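Below: one structure, written as structure tokens.
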Amino acid sequence: MISIVVVTYNCKNYLEDTLQSILKQTSLQYEVCFIDGRSSDGTVDLIKRYKICFENKGIKVNFTSEKDMGIYDAMNKGIYMAKGDYIYFLNAKDKLYNETVIENVIKFSQTNKFDIIYGDIDNGKIIKQNKKVKKQLLFNGICHQSAFIKKKLFEEIGTHNLEYQISADFDFFVRALYSGMKFKHIDIIIAKYDMEGFSSQVTNATKAHKEYIKIVRKNLSNDIITFLRCTLRYYLMRLKFKIKLFNNACNLKRLR
């Protein structure tokens, strides 16, 4: 069984498409864990309405609404709540790609024993993630909306580190990789991913860059070649980001 963890906070206006994409799944071998940050805009009422819809299909629903310390704290609460063999995190605004995603992942997981199964993603165009997990993770990242993670893995290497506000999922995947956990890419599109999320904002992108290099230095010190490549990537990424900000400022000045 798969536990789908949905983290919410004041997202009533765009949560329904997310819930519909889960409700329409052809497989019934999943549960839904709603972790709400004490929303005040009607999100909780929407969740309660859909809770009845899921339960009418025989789907178990777990729900809590309380203040948290951010998205990764909420995701950690979902981990402790989940009862499935695999855990999948789906943000509000994001959607499962089609009705057979859970069915296909369940079929694969029953005949193949991997700790993390990840597929492709749609962010307006189809992003094919690399089958070579180290190359994908360290140089492009694994989108957590594309990954199904064995629950026992969190028990073995820990949950999301709240020291990182933007990149705790990247830190978790890196720890999993360097702990010898088995990753496997499957050739299906998992989710439609919203590109206007938390980490895409300018101030958060700057923080994400700093967290990236901190995670790399902490975990890759014994993998010298990869460490040097990641460090070079970091400085190139920072340079491109500064150039983009400069160009945006110049364009804004021209408009004035």
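Within the stretch 51-77, restricting attention to residues that are in contact (Cβ under 8 Å) with a residue 12 or more places away in the chain, part of a helix (DSSP H, G or I) and more than 22 Å from the chain's Cα centre (by Cα), which residue is surrounded by the fewest Cβ atoms within 10 Å (Cβ to Cβ)?
Restricting to residues being in contact (Cβ under 8 Å) with a residue 12 or more places away in the chain, part of a helix (DSSP H, G or I) and more than 22 Å from the chain's Cα centre (by Cα), the top hit is C53.
Checking D115, D94 one by one, the residue that is farther than 16 Å from M1 by Cβ, open to solvent by 20 Å² or more (accessible area, probe 1.4 Å) and either over 12 Å from the mean Cα position of the chain (by Cα) or of a type in the set (D, E, K, R) (or both) is D115 and no other.
The single condition among (1) open to solvent by 80 Å² or more (accessible area, probe 1.4 Å); (2) basic (K, R); (3) in contact with a Lys or Arg (Cβ under 9 Å, 6 or more places away or on another chain); (4) within 23 Å of L15 (Cα to Cα) that K125 does not meet is (3).
Residue count for the stretch 1-45 under the criterion of being open to solvent by less than 10 Å² (accessible area, probe 1.4 Å) and under 17 Å from Q145 (Cα atoms): the result is 17. How do the pairs read when you match residues in the stretch 2-26 that are assigned to a strand (DSSP E or B) with residues anywhere that are of a type in the set (G, A, S), using Cβ under 6 Å and keeping only pairs 6 or more apart or on different chains? Taking only residues 6 or more apart or on different chains, the pairs are I2/G84; S3/A82; S3/G84; V5/G78; V7/A74; T8/A92.
I'd like the residue in the stretch 81-117 that is of a type in the set (F, W, Y) and in contact with a Phe, Trp or Tyr (Cβ under 9 Å, 6 or more places away or on another chain) and, out of all such residues, is farthest from T18 (Cα to Cα). Among those residues, the one meeting the criterion is F114. Of the candidates Y80, Y88, the single residue that is outside any helix (DSSP H, G or I), aromatic (F, W, Y) and under 20 Å from the mean Cα position of the chain (by Cα) is Y88. So, D120, is that one charged (D, E, K, R), within 21 Å of D194 (Cα to Cα) and surrounded by 16 or more Cβ atoms within 10 Å (Cβ to Cβ) or not? Yes: the conditions hold for D120. Hey, does the stretch 153-168 have a residue that's polar (S, T, N, Q), closer than 22 Å to I4 by Cβ and at pLDDT below 85? Checked against the condition, which is being polar (S, T, N, Q), closer than 22 Å to I4 by Cβ and at pLDDT below 85, the stretch 153-168 yields no hits at all.
The values are calculated or read from the model by the stated rules, or taken from the named source; none is laboratory data. On a predicted model such as this, the values are computed, not experimentally measured, just so you know. Cβ coordinates were reconstructed from backbone atoms using ideal geometry, including for glycine residues, and neighbour counts include every protein chain displayed. Ligands, DNA and RNA are stripped out before the accessible areas are found, and what is left, the full protein with its side chains, is counted by its heavy atoms. Shrake-Rupley method; radii C 1.70, N 1.55, O 1.52, S 1.80 Å.
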